[in-house]
Amino acid sequence: MKTMMALAWLCIAGAPLAGTAQAASVGERIASQADVGEGVQAVGLDSFANVSLAFPGGVTGLPNVTYQTLPGYRPMTLDLFLPPESFSKAGPRPWVMYVHGGGWVMGGPRRSGAYSDWPKVLASLAAEGYVVASVGYRFSREAPFPAAIQDVKAAIRWLRVNAVKYNLDPARGMTWGQSAGGHLAALAAVTCGVPALEPPPRATSRPALRARKEPTKSPTASRARWRGTACMTWRPRTPRRPGAPPRPRTS
């Protein structure tokens, strides 16, 4: 009986009284003091966002920059290396996107072969006047092909959409990768406009969606491979006539 009376008293005490002002709860007070911007809602940024690192030669490193969010997957990020301010007077800078290796199942943007400090190597390239991005992508056990190449293309579009912000030239760029990353870098260069390999619309900003309709905005046709794996077969678009000689084939 005493327990029931105590519960009843809690319910009455917690209920709002008509005509009286209600004191704000702790949660309401905290929420009223917190600023939530559009950028936070769009890519899930937090108080660790906008971290920058200084590298030799005046290079600025921006780690873990989110370029894509897909429901059900971890945010996709890249590391960005900006050239020294002295290059800003020369106009928008060319860009290089590095795609890491790892057999499509491991690795990361800060690892490459036997190099002990890969970010330092990328920063040394940025010191020559390039905007350098080292991109992460979904592994094959997270999402099957073509998820990885779609992520790489989404990263390229993100760079181009943010060209003004980072002072880069969207028309002068290339992809560069090692091993599995070399395969993805080459694939990005030779599959411009292939619908099956394009990023899903929900992962692309509106400016990038407009850009996908323009051939000149498609992924770069320039690429470099380190021990990359590639096997490309030329396939005719029209059926071969009966009795006609075989069409040329390359691999």
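The values are calculated or read from the model by the stated rules, or taken from the named source; none is laboratory data. Values in this document were obtained by computation on a predicted structure and should not be read as measured data. We place every Cβ from the backbone using ideal geometry, glycine too, and count neighbours over all the protein chains shown.
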| note | Over the range 45-62, the set of residues under 19 Å from VAL161 (Cα atoms) and at pLDDT below 95 is LEU45, ASN50
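Please count how many residues of the range 138-160 are aromatic (Phe, Trp, Tyr) and buried (at least 19 other Cβ atoms within 10 Å of the Cβ). Outline the logic, then answer.
Going through the range 138-160, the residues aromatic (Phe, Trp, Tyr) turn out to be 139, 145, 158.
Within this subset, residues satisfying the condition of being buried (at least 19 other Cβ atoms within 10 Å of the Cβ) are 158.
Qualifying residue count for the region: 1.
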| note | Filtering the range 98-120 down to residues that are outside any helix (DSSP H, G or I) and either among the small types (Gly, Ala, Ser) or touching a Lys or Arg at 6+ places or on another chain (Cβ under 7 Å) (or both) yields HIS100, GLY101, GLY102, GLY103, VAL105, GLY107, GLY108, SER112, GLY113, ALA114, SER116
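Anything in the range 158-169 that is free of Cβ contacts under 8 Å to residues at least 60 places away in the same chain and not β-branched (Val, Ile, Thr)? List them, or say none. It would help to see each step written out before you state the result.
Looking only at the range 158-169, we keep the residues that are free of Cβ contacts under 8 Å to residues at least 60 places away in the same chain, and these are 160-162, 164-165.
Answer for the range 158-169, where residues must be free of Cβ contacts under 8 Å to residues at least 60 places away in the same chain and not β-branched (Val, Ile, Thr): ARG160, ASN162, LYS165.
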| task | Answer with yes or no whether TRP176 is modelled with pLDDT of 55 or more, assigned to a helix (DSSP H, G or I) and of a type in the set (Phe, Trp, Tyr). | result | no
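Specify which of the listed residues (SER86, SER134) is of a type in the set (Ser, Thr, Tyr), crowded, with 23+ Cβ neighbours inside 10 Å and either out of contact with any Gly (no Cβ under 6 Å at 6 or more places or on another chain) or within 29 Å of ALA196 (Cβ to Cβ) (or both). Talk me through it step by step, then tell me what you get.
Numbers: SER86 fails: crowded, with 23+ Cβ neighbours inside 10 Å.
Answer to the selection: SER134.
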| request: Just give me the residues in the range 148-172 being among the small types (Gly, Ala, Ser) and either assigned to a helix (DSSP H, G or I) or more than 24 Å from ASN50 (Cβ to Cβ) (or both), in sequence order. | output: ALA148, ALA154, ALA155, ALA171
| message | Looking at the range 208-230, can you tell me whether even one residue there is surrounded by 10 or more Cβ atoms within 10 Å (Cβ to Cβ), at pLDDT below 50, within 20 Å of ARG111 (Cβ to Cβ) and among the hydroxyl-bearing types (Ser, Thr, Tyr)? | response | yes
| How many of the residues making up the range 77-97 are free of Cβ contacts under 8 Å to residues at least 60 places away in the same chain and assigned to a strand (DSSP E or B)? | 3
